[in-house]
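Read the structure below first, then the notes.
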Amino acid sequence: MNSYQDLEVWKKSMELVKVVYTLVRSLPKEETYAMADQMRRSVISIASNIAEGYGRNSKNDFIRFLNISQESKCELETQLYACCMLDYIKDEEAQNAFQLCRDIGKMLFGLSNKIKSGM
């Protein structure tokens with residue numbers, strides 16, 4: 001592995017960025033600077049923290065940044081649920097994002113455990 005870009009979890013996180021950015025385009029205009037902005041920050045935080053943690057010279061730092069990615073993923077899921085509850089996004093439109101969040105969560109957990117065990 002030569003770069004964070006080689007990590008499958010980072011690739012999947014970038015796929016989620018595209019999905020979420022597409023979803024937020026359908027939010028009401030009054031949510032442009034509230035929910036939409038928060039969702040964009042949450043989703044980009046997932047991939048960004050994976051990259052930043054990888055760039056650190058410490059396993060403990062990498063694990064800490066993977067945990068931050070996990071927290072951002074949970075934040076995004078909550079925002080997606082809120083959008084569905086408020087009928088801003090149809091449940092079926094959000095399913096791909098929810099599935100990617102589940103996959104990313106599992107991958108983050110697995111990578112963190114792998115690093116802890118010494119790879």
(Q) When you scan the stretch 24-34, do you find a residue that is β-branched (Val, Ile, Thr), outside any helix (DSSP H, G or I), out of contact with any Asp or Glu (no Cβ under 9 Å at 6 or more places or on another chain) and surrounded by 16 or more Cβ atoms within 10 Å (Cβ to Cβ), even just one? (A) no
Q: Take the stretch 77-94 and flag every residue that is under 14 Å from the mean Cα position of the chain (by Cα) and without any contact (Cβ under 8 Å) to a residue 12 or more places away in the chain.
A: Thr78
Q. Quick one: would you say Glu77 is among the acidic types (Asp, Glu), part of a helix (DSSP H, G or I) and touching a Cys at 6+ places or on another chain (Cβ under 8 Å)?
A. yes
Q: Identify the single condition in (1) modelled with pLDDT under 95; (2) outside any helix (DSSP H, G or I); (3) within 24 Å of Ala36 (Cα to Cα) that Tyr88 does not satisfy, given that it satisfies every other one.
A: (1)
(Q) I'd like to verify a number: residues in the stretch 1-39 that are within 14 Å of Ala97 (Cβ to Cβ), under 10 Å from the mean Cα position of the chain (by Cα) and not aliphatic (A, V, I, L, M), how many? (A) 3
Q: Might you let me know whether the stretch 91-99 holds any residue that is under 24 Å from Thr32 (Cβ atoms) and either among the basic types (Lys, Arg) or not in a helix (DSSP H, G or I) (or both)?
A: no
Q: Report, by residue number, each residue of the stretch 60-76 that is over 10 Å from the mean Cα position of the chain (by Cα) and more than 16 Å from Phe109 (Cβ to Cβ).
A: Asn60, Asp61
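The values are calculated or read from the model by the stated rules, or taken from the named source; none is laboratory data. Since the structure is predicted, the reported quantities are computational estimates derived from the model, not experimental observations. Using ideal geometry, Cβ is built from the backbone for each residue, glycine included, and neighbour counts are taken over all protein chains shown.
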